[in-house]
Amino acid sequence: KQEVTQIPAALSVPEGENLVLNCSFTDSAIYNLQWFRQDPGKGLTSLLLIQSSQREQTSGRLNASLDKSSGRSTLYIAASQPGDSATYLCAVRADRGSTLGRLYFGRGTQLTVWP
Amino acid sequence: KAGVTQTPRYLIKTRGQQVTLSCSPISGHRSVSWYQQTPGQGLQFLFEYFSETQRNKGNFPGRFSGRQFSNSRSEMNVSTLELGDSALYLCASSSLLKRTGWIAEAFFGQGTRLTVV
């Protein structure tokens, strides 16, 4: 059974710092990995999608890497801002036909960026 | 392009009642999946529908059911509500588009906050 772990569970930093959020998964047979952001009481916003054949994806100040063989992904946030404060969730999609539609989520990293 | 729409946004129900939640996926998306989010358990998979067929089901009791219509809109139903069913219910749609292959990026709605009293 796929298990996804995110470290740290919470992070509080001053504005301007560069951050690394970690995600690990137990089954390397994944189709893709997606990073989401969730604001309190709201839905999930997709940040980055990495296909299993890719090593990294970038969007603005965000960079996500994937090491499928070791079951790890990192989300790098450059020059953090108070508006980045949210919970960041990592999810993997299994590479098996019968479960291809299912995402396995970590518990998230709650990020607070203070001015 | 409209996003994933979930209705209603908020619901308050009494124990023992039943409830139906609705999800309209992004136009062209044929896969719709449902998740329950609680502070204690995080995001848990309920079920996934593709072209009106349930393909996957999570570990939830039979009180939780769903369906998908020919226009890909989906509903989930919870019967005999319990206090523990209070949660944020999230719907996600995924596409089979893209020239380069199946990308399968999931897009989520804003959720329905269900409170059972």
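No lab work stands behind these numbers, since they all come straight from the coordinates. Since the structure is predicted, the reported quantities are computational estimates derived from the model, not experimental observations. As a convention, Cβ positions derive from the backbone with ideal geometry for all residues, glycine included, and neighbour counts pool all protein chains shown.
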Item checked: aspartates and glutamates with Cα under 17 Å of A:Lys68, excluding same-chain neighbours fewer than 8 positions away -> A:Glu3, A:Asp27, A:Glu56, A:Asp95
Next item on the list: Within chain B, what's the longest run with no GluC sites (Glu not before Pro) in a DSSP loop and at most 14 other beta-carbon atoms within 10 Å? Give the range, please.
Entry: B:1-51
Item checked: Selection from B:Ser94, B:Phe60, B:Trp34, by position along the positive dipole direction of segment B:1-114 (Cβ) -> B:Ser94
Margin query: For a Förster distance of 22 Å, can you work out the FRET efficiency between the beta-carbons of A:Gln54 and B:Ser27, rounded to the nearest 0.05?
Written below: 0.25
Notebook entry, point to check: For labels at A:Asp67 and B:Gln17 in the simple 7 Å Cα→Cβ model, what's the distance in nm?
Noted result: 5.2 nm
Note to self: I want the local charge near B:Asn77. Using Cβ-Cβ distances under 13 Å, sum +1 for each Lys or Arg and -1 for each Asp or Glu among the other residues.
What the structure shows: +1
Next item on the list: Taking a cut-off of 13 Å between Cα atoms, list the aspartates and glutamates near B:Lys13, but don't count ones fewer than 8 places away on the same chain.
Entry: B:Glu82, B:Asp85
